[in-house]
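Take a look at the structure set out below.
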Amino acid sequence: LSAGSVLYAQAPVQNAPPEPEPDPYALVEKALDLTRSTSSHSQMSMTISRPSWQRTSRLVAWTRGREDSLIRFTAPAKDAGNALLKQGDRMWTYNPKLNRNIRLPSSMMSQSWAGSDFSYNDLSRSDKYLRHYDLSLQQVALSDEDASGGQQRVFTIDAVPKEDAPVVWGKERMIIREDAIMLEVTYFDQSMVPVKRLVSLEIGELGGRTMATAMRMDNLEEPDTYTEVRYQDIDFDLPLEDRMFTVFALQSGQTP
């Protein structure tokens with residue numbers, strides 16, 4: 001080398017270590033807990049839309065953990081008092097006109113709830129994905145840029161029911177954002193034909209957390225047939241007593 005020349009030793013290129021593959025069970029668990037937490041109390045509206053008519057109801061709901069929930073209609077007047085109770089895998093409905101509770105057999109769990117595009121099975125999601133399904137990560141992508149120009153990872157997860165699972169779907173495909181928001185769920189029948197799709201329409205702040213504040217369940221077999229649920233208010237981590245999630249509370253209408 002000539003005098004005054006400088007020798008630069010080029011360091012070997014270090015590839016960044018790949019991020020560990022996310023655990024689909026942990027992702028689903030986080031998404032379930034986002035809207036339930038240890039407990040919750042919410043007020044919401046439900047709009048059932050058909051090609052020739054539309055109807056909106058008001059509801060209140062309480063949840064505890066991933067297993068217990070109570071949903072009660074408050075309006076319109078003809079529906080007020082109708083309620084649904086879930087304890088683990090057991091479910092009851094209450095009709096004030098009949099003044100009686102009805103235990104739902106497993107054969108009815110796939111039927112429409114309150115005339116909507118949600119079935120009783122859809123409402124009982126709790127931890128069913130963790131107990132009755134085999135979960136597999138199918139794809140990792142990036143979301144569109146948000147208002148601040150940021151992006152998040154988005155995970156596509158297939159949930160295939162175990163052989164003896166008490167479910168009706170052939171498969172469910174979930175799309176979950178890395179902040180635990182469930183963006184979409186597509187329900188496939190036993191022939192792997194998509195039948196319904198749940199989509200998060202709006203994401204905002206409620207109860208001190210970012211969550212989907214409006215969702216729509218589309219019936220993919222019938223055009224212009226869907227049900228929208230919109231949260232008006234929600235509180236988390238309330239002290240709810242055991243008596244809140246009993247058949248007696250379902251019928252009596254007692255609240256905390």
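Semi-axes of segment 49-110's equivalent ellipsoid from the Cα gyration tensor, sqrt of 5 times each eigenvalue, largest first, rounded to whole Å?
Result for segment 49-110: semi-axes of 22, 14, 14 Å.
Counting each DSSP H run of 4 or more residues in the chain as -39500 (n - 2.57), what helix-only mean residue ellipticity at 222 nm follows after dividing by all residues, to the nearest 500 deg cm²/dmol?
-2500 deg cm²/dmol
Could you please state how large a percent of the accessible area of the chain is carbon and sulfur, counting protein chains only and using a 1.4 Å probe?
50
For segment 146-186, taking Cα atoms only, what is the radius of gyration to one decimal and the Dmax to the nearest whole Å?
Reported Rg and Dmax, both Å: 13.9, 46.
What's the Kirkwood radius of segment 212-256 in Å, using all Cα pairs?
13.8
Using all Cα-Cα distances in the chain, what percent lands in each 5 angstrom bin from 0 up to the longest?
P(r) for the chain, in whole percents per bin: 1, 5, 11, 15, 18, 16, 12, 7, 3, 2, 2, 1, 1, 1, 1, 1, 1, 0, 0, 0, 0.
Quick one: divide the alpha-carbon radius of gyration of segment 75-118 by 2.2 N^0.38 Å and tell me what you get.
With N residues counted in segment 75-118, Rg over 2.2 N^0.38 Å equals 1.19.
Taking Lys128 as the anchor, which lysines have their alpha carbon closer than 25 Å to its alpha carbon, excluding any fewer than eight residues away along the same chain?
Those lysines meeting the cut-off are Lys30, Lys86, Lys162, Lys171, Lys196.
Can you pull the one-decimal nm distance between simple spin-label points at Thr56 and Ser252, each 7 Å off the Cα toward Cβ?
Reported label-point gap for Thr56 and Ser252 is 3.4 nm.
Compute the acute angle (0 to 90°) between the alpha-carbon long axis of helix 24-34 and the principal axis of greatest extent of the alpha-carbon atoms of the chain; round to the nearest 10°.
Compared with the principal axis, the helix lies near 50 degrees.
Scan around Asp134 for amide H atoms under 5 Å from its own, H built in the peptide plane at 1.01 Å from N, and keep only partners 5 or more places away or cross-chain.
Close amide H contacts, sequence-distant or interchain: Val160, Lys162.
Quote the Stokes-Einstein diffusion coefficient, in whole µm² s⁻¹, for segment 84-185, based on the Kirkwood radius over alpha carbon pairs, a temperature of 20 °C and a viscosity of 1.002 mPa s.
The Stokes-Einstein estimate is 135 µm²/s.
If R0 is 35 Å, what FRET efficiency do you get for Met192 and Arg103 from their C-beta distance, rounded to 0.05?
Rounded to the nearest 0.05, the efficiency is 0.60.
Given a Förster distance of 22 Å, report the FRET efficiency between Glu178 and Leu201 from their Cβ-Cβ distance, rounded to the nearest 0.05.
Plugging the Cβ-Cβ distance into 1/(1 + (r/R0)^6) gives 0.65.
Would you mind telling me which residue in Asp144, Asp117, Asp158 has the biggest mean-square fluctuation in a Gaussian network model of the chain, where springs connect alpha carbons within a distance under 10 angstrom?
Among Asp144, Asp117, Asp158, the largest mean-square fluctuation in the Gaussian network model of the chain belongs to Asp144.
Determine by what factor the alpha-carbon radius of gyration of segment 146-256 differs from 2.2 N^0.38 Å, reporting the quotient.
Normalised by 2.2 N^0.38 Å, the Cα Rg of segment 146-256 equals 1.35.
Under the 0.36 nm per residue contour assumption, what length would be gained going from the current alpha-carbon distance of Gln87 and Asp237 to full extension?
52.2 nm
Can you tell me the mean projection area, over all orientations, of the convex hull of segment 184-230's alpha carbons? Units nm², please.
3.7
So if R0 is 30 Å, what FRET efficiency would Val168 and Ala77 give, r being the distance between their Cβ atoms, rounded to the nearest 0.05?
0.35
Tabulate in residue order the Karplus-calculated ³J(HN,Hα) for segment 108-119, using 6.51 cos²θ - 1.76 cosθ + 1.60 with θ = phi - 60°, rounded to whole Hz; enter x for Gly and Pro.
9, 5, 8, 7, 5, 9, 6, x, 8, 8, 8, 9
Taking amide H positions as placed 1.01 Å from N in the peptide plane, with prolines and chain starts having none, which residues 5 or more places from Val195, or on another chain, fall under 5 Å of its amide H?
Excluding prolines and chain starts, which carry no amide H, the hits are Tyr187, Phe188, Asp189.
Where only protein heavy atoms count, and the probe is 1.4 Å, what is the accessible area per residue for the chain in Å²?
Per-residue value: 54 Å².
What distance in nm separates the two pseudo spin-label positions at Gln151 and His132, each 7 Å out from Cα along the beta-carbon direction?
Going by the 7 Å Cα→Cβ label model, 3.7 nm.
The values are calculated or read from the model by the stated rules, or taken from the named source; none is laboratory data. Since the structure is predicted, the reported quantities are computational estimates derived from the model, not experimental observations. Cβ sites come from the backbone with ideal geometry, for glycine too, and all protein chains shown count toward neighbours. Note: accessible area is taken over every heavy atom of the protein model, side chains too, but ligands, DNA and RNA are not part of it. Shrake-Rupley method; radii C 1.70, N 1.55, O 1.52, S 1.80 Å.
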